1. Scan around Gly644 for amide H atoms under 5 Å from its own, H built in the peptide plane at 1.01 Å from N, and keep only partners 5 or more places away or cross-chain.
2. Stretch Met437-Ala1136 to full length: gain in nm at 0.36 nm per residue minus the Cα-Cα span?
3. Determine, for each peptide in 920-927, 1240-1247, the mean count of other beta carbons within 10 angstrom over its residues, then list the peptides with the highest first.
4. Taking R0 as 41 Å, what FRET efficiency do you get between Arg1223 and Ala1094 from their Cβ-Cβ distance, rounded to the nearest 0.05?
5. In the range 259-368, which chymotrypsin sites (Phe, Trp or Tyr not before Pro) are in a loop and have at most 13 other Cβ atoms within 10 Å, using DSSP for the loop call?
6. Ranked from highest to lowest mean number of other Cβ atoms within 10 Å per residue, what is the order of the peptides 809-819, 1224-1234, 624-634?
7. Given a Förster distance of 25 Å, report the FRET efficiency between Glu1155 and Thr1079 from their Cβ-Cβ distance, rounded to the nearest 0.05.
8. Give me the percent relative contact order of the range 172-317, please, defined on Cα pairs under 8 angstrom at least 6 residues apart.
Amino acid sequence: MKKITFAFFALFALCFSGNLMAQTEIPQAAGTFTAGTDFVDGDIYTDSGGSTGNYASNELSTMMFCANPGEFIVIDFTTFDVEASGGGGGQCWDNLTISGDTGGMDGTYAGDGFDAGAGLVCMDGTDGAGNPTLGPFTSAAGGCLTFTFDSDSSVTQSGWTADINVNTVPPMACGVPLGQPIPEVGTSGSMVPSVASIVNCGFIGSNYAIDSVELDLNHTFDGDLDITLTSPEGTTIFLADQIGGSGDNFTGTVFMDGNPNITSGAPPYTGTFEAQGGQLNTIFAGENISGDWTLNILDNFGGDSGMLNNFCINFTELSPNQPPIVSCPGNINVNNDAGQCSAVVNFGNPAAIDPEGGPVTVTQTGGLPSGDPFPVGTTTVEFTVTDACGASTICTFDVVVTDNEPPSQFDCPADIVVDNDPGDCGAVVNYPDPILMDNCFASTTGSATYDQTINFTNPALMSSNIFSFTGAIVGATADATLEVRTFGDIDNATEIWQIEDEDGNPTGQIGNTGVFADQCNTILMETFTIPAAMIDTWAADGQIDFTGFDLVGGINVTLCGGDFLELRLIYDYTSTTQPPVPYTVVTGLPSGSVFPVGTTLTTLEYSDSGGNTVQCSFNVTVNDTEAPEIVCVGEQVIPPLIAGDSPSTPIVDNTTFSETLTVTEDHVITDLNVDIDITHTWTGDITITLESPAGTVVTVFDDLDGCSANDIVTTFDDQSANVLDCDPGGVGTNGDAFPEADYIPSNPLAAFNGESTLGDWILSIEDDAGGDTGTLNSYALVFDFTPVVGTPLDVVLDANGMASIPVSSLVMSSSDNCGPVTVTAGGAAGTYDSTINIVNPTLASTNIFSFAGTPVGATGDATLEVRTFGDIDGAVGGTNEEMWTITDEDAATTGTIGGTGVFADQCSTTLMETFTIPAAMIDTWAADGMIDFTGTDVAGNINVTLCGGDFLELRLTYNFDQASSTIDFTCDDVGQNSIVVTATDPSGNESTCTATVNVIDDTDPILVCQDVTIELGADGTAMVDPQAFVDVANTIEACGLAVLATDVTDVSCDDIGTPITVTLFVADPSGNLASCTATLTVVDLLGPDVTCPADQTVDPGPGNLFYTVPDYFATGEATALDNCTDPVTVFSQDPAAGSQIPDGVYNVQVCATDEYGNENCCTFELTVESILGNEDSELSNAIVMYPNPAQNEVRISNGSNLLLNNAQIYDVNGKLISTIDLRDMQQEKVIDISGLSSGVYVVQITGENSSVVKRLIKE
């Protein structure tokens, strides 16, 4: 058995060898330090500088080390280096004074290796080598050691170190009572036992040894005595057993192991002996010293007696009592039981022994007992093992229950869409906790109350009234209560209401004839009980309905005023509350945060105690619905101006109060309305007055216009069609004494017209009677005024008549809750959407799709939808299904549609492809207002075989916005212009304002004159045209010239020949002036007005070949009149007068020239025609001359029998050019005329008796 015990001890010693206690330095400091509290056994006492530093100069401190009762302290110096003197002088410069030593070593110490034996006043604490010689110092049991250190102001040294030992005072006890008779005088027997009580605990042989037992007694005849010592555990040893014979007394007898047995001694046994029964430590080995050690003395024979003087037992400590050695089970790691947030865990007690071999007690002092469900997480189980001396050892182990069961549900809220908070670029969004179901997350249940009241008051009260209690909740924990209240005497037969439930069953009645005399003075109430089961049945759809029926049938016949029927439903129900879910926000923002405009992906994560993690996500979308604020330059301020407040001021009986409203805008009032919201019983108590900043006071509502009905919620408007007429039926919870939207006030508000809005307006409310109160909820003043136009922006055109400004210059201020805004003006916005469809037979191999009216300013890429239908080669599933290639304006391929094998039969399928066109390309192509695409037949079978209805269709769509950030002005805009400016925030919200722009042309024209020549008219005068003096090429005036004038307005023949200086004055449309001078030359360029003779025919006379042309002016047949020359004297005519001309038709021109060389002519036709005889006529008919005109030769053909002599050729002046002999000609003669000059000639052909004249034209 001992072997097993030792084996366990060895095992525990091996497994649980303790850590060495770390040493702590306790430096010199003033104060009292107690063992166990301020220091422990094994600590080190040092100077103030510690073991590695020097003490300080000018130190003076007293430090006390005190032991606890039953302990004593030993301080043993290991180093000592304290400055004493410099080699004599009988003084100690630095010193340590020690007192309290039980060994008599108190004193004042100093010294180091240099002052040994130097005759110090204080004691030398070192030897010649500097090793410490002072101490060790031992305190009394429970006493103190005192150390006082004193250093001067000179150098310091390394000081000292000393080991601190805390020791236990060996236990001892003396018996009580003492002075006992042994036994009573004259008798024999046992003495009253003497007991020595030991409070210390420990075991003999391991912790303690019995040092000695002290005995002193007086007794005659020692041989009569049996003296025994009994341990607390009951073991007895004979100290002396009837020894000493007749000798007397045990005086100063000490029993101690290892000495001669007491049997070897003799009375009075003074000295040290071994107990007669053997060695004490052997007899009592392994026993606990704690308890009562009992001394028993038996006097075996009478006749002798004595007295016990002293009995003490002393122990020596061998080693301190060791606490038990204990081995707890190892940590236990388990997973949770399914569906539980715990696991049932079983374990045994730890193994434990007492190193001294004593008994131990094992007690669980922490954690849950074995077999209990342990919660998820770490539970520390603690056991305390206590030995017989009360020393205990605690061991712990952890029961770790891991939750390896992930949550079964973790659902985020649905996506949230909200509008921004006013004025913010975001919104405070509170979202509910996710719905969590987890074995370690439980909802809590509690009790709640459903309590809702519904009231029907006349005129809403009907013969049948349905009371719908919404938001009803199942889970009633008890029966419900339905309270029914009613008021009113309908027709002098007391009203009776029957209440029925959802199933049509009567719940009960309220009111009955004879129950009360007059319902107009009484409110009745009845209470009915509704079973909880019925509540749960009806509440399943979230609503419980009751119906109140009028049984008398006199509803709305005669009313008391304020008649009502009211139902109140009350019941308790079980509510389930989910505690807050301890989630973390992975992305996004926590609930209650300001979420920015846009969509924020919010991802929530929950990790249970086992580290099982789940996530869910939802979107929080904040829409910016707040349009920017914008104020334009020169903007028109348009009424109304509304100013008001919502003070919620109480209206107290018999009091008057005022509300002041400060209006900061200054406008002249043309009309004023007052909005009032007052809740108050008996409106006849109320008077409302309004005072303007100018001091005008108007009683808006006089109490005489009120009545006993409730509330004034209306608008007072002079232009209202409703006179004040208080409705006495407007009482009760929803009463309204003035139900119309507006009324004519008690006194006209027009009294304020013409006054300024600026300043403090005072609204006063007077309650002139008691018993009724209310509240001024809100009020507003609505001003009308003449619109005001602000100062416009002046824009000056440049010399070219143009100006361009940024639209931002038209904006006085702009702001938006989400940052900067974009301001634009002009231009349209919208969607371009056009479809072009080409159907057979129009469909060709190449088809151009021209999209007309295409606007620039594409705001995004365009979409080109292409659709086609048709199987060109007619073969179902053939190899040549139609394929089209679409190319853009730049001949780049946009895409293709169709293709071999893509589909089985195009005659049954309409294909569609969608292509994206970059916005930049759209703007480039749309610059000319048209975008072209081309569809080309790739298969080449177009119009071979058709399905019927074959087509190719293109649809072009894109959004555009032609608004610009700049705006241009030209001369056409001179003057005031209204420009609509649009402010757009990042979310596309828009606001507009209208700016006024005054376009100014303040540039004088750059006028360049040019000299002008004016032709006189037929009357010899001419008007001067100012425009003619403007050198258009060099004159600069972009906006044109509106006014032109000259200082010379007209001229006449008298001005011919003398240059005139003319000044030209001009003004543009804006009144800018300029002038210049030019030379005006007056000329007469009109020739005389010539009148010709009428056309005439003349005969040269018989025998005359030529006609002599007369002078027609001389004959008066031709006349000439001139505007400036009178008379006209210079004439000419062609043919000239006296000219000889043959037969023919002549255009005669007659001309007249005035004094300025202007010639004018007229012509008339002169026919020279010789009167022929018969032969001449025959010859004329017979002779043909051809060709005519001719170039080189001409032929004369004679178609008669007349003989010809010759042909003579004359020029037009009658000069004979040549004669040709015709006598030998036959019927035709060729005449060479190549030598003649081009012109007109006269050919006279002569026969024997006649002649004829022909005209010849030589080319």
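Only the coordinates and a few stated rules stand behind these numbers; no lab work does. Just so it is clear, the structure is predicted and the values come from calculations on it, not from any experiment. Positions of Cβ are generated from backbone atoms using ideal geometry, with glycine treated the same way; all protein chains shown enter the neighbour counts.
1. Those qualifying (amide H under 5 Å, at least 5 residues apart or on another chain) are Leu781.
2. Working it through step by step, the gained length comes to 238.3 nm.
3. 1240-1247, 920-927
4. Step by step, r from the Cβ atoms, then E = 0.40.
5. Sparse-neighbourhood loop chymotrypsin sites (Phe, Trp or Tyr not before Pro): Phe301.
6. In decreasing order of mean packing, 809-819, 1224-1234, 624-634 become 624-634, 809-819, 1224-1234.
7. 0.65
8. Worked out over the range 172-317, it gives 43 percent.
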